[in-house]
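**Q** Have a look at the structure that comes next, please.
The values are calculated or read from the model by the stated rules, or taken from the named source; none is laboratory data. Please read these numbers as outputs of a predicted model, since none were measured by experiment. With ideal geometry, Cβ positions are generated from the backbone for all residues, glycine too; neighbour counts draw on all protein chains shown. Protein only, heavy atoms only, side chains kept; ligands, DNA and RNA dropped before computing areas. Shrake-Rupley method; radii C 1.70, N 1.55, O 1.52, S 1.80 Å.
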Amino acid sequence: MEKIRRYSALPIAVGFGISNPEQAAQVAALADAVVVGSAIVRRIGELANDSDIISHLRELVQPMVEAVKSIKKSSR
């Protein structure tokens, strides 16, 4: 991250292997954005025929959002 920031003032998004709140918080401490697309797509694949898919996705994403927000508020 330090090397990238030396060469660019653009925001940095990181999103490799992030699938839980702890990982999201770790990345949020270093990056400007956290990407959890693969985790969401994987969960959609698992729940494609579930009539309550939105609630299940919310259960996956909400804890990660809270973890990222807690880091951003205290460290930025």
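**Q** Can you tell me which residues in region 12-38 are within 9 Å of the chain's Cα centre (by Cα), outside any loop (DSSP other than H, G, I, E, B) and surrounded by 15 or more Cβ atoms within 10 Å (Cβ to Cβ)?
**A** 14, 21, 23, 24, 25, 27, 28, 34 - these are the residues of region 12-38 that are within 9 Å of the chain's Cα centre (by Cα), outside any loop (DSSP other than H, G, I, E, B) and surrounded by 15 or more Cβ atoms within 10 Å (Cβ to Cβ).
**Q** Yes or no: residue 9 at pLDDT below 95, open to solvent by less than 90 Å² (accessible area, probe 1.4 Å) and outside any helix (DSSP H, G or I)?
**A** It is false that residue 9 is at pLDDT below 95, open to solvent by less than 90 Å² (accessible area, probe 1.4 Å) and outside any helix (DSSP H, G or I).
**Q** Residue 50 versus (1) touching a helix residue (DSSP H, G or I) at 6+ places or on another chain (Cβ under 7 Å); (2) open to solvent by 60 Å² or more (accessible area, probe 1.4 Å); (3) assigned to a loop (DSSP other than H, G, I, E, B): which is the lone unmet condition?
**A** (2)
**Q** Quick test for you: out of 66, 59, pick the one residue that is in contact (Cβ under 8 Å) with a residue 40 or more places away in the chain, part of a helix (DSSP H, G or I) and either surrounded by fewer than 14 Cβ atoms within 10 Å (Cβ to Cβ) or not hydroxyl-bearing (Ser, Thr, Tyr) (or both).
**A** Exactly one of 66, 59 is in contact (Cβ under 8 Å) with a residue 40 or more places away in the chain, part of a helix (DSSP H, G or I) and either surrounded by fewer than 14 Cβ atoms within 10 Å (Cβ to Cβ) or not hydroxyl-bearing (Ser, Thr, Tyr) (or both), namely 66.
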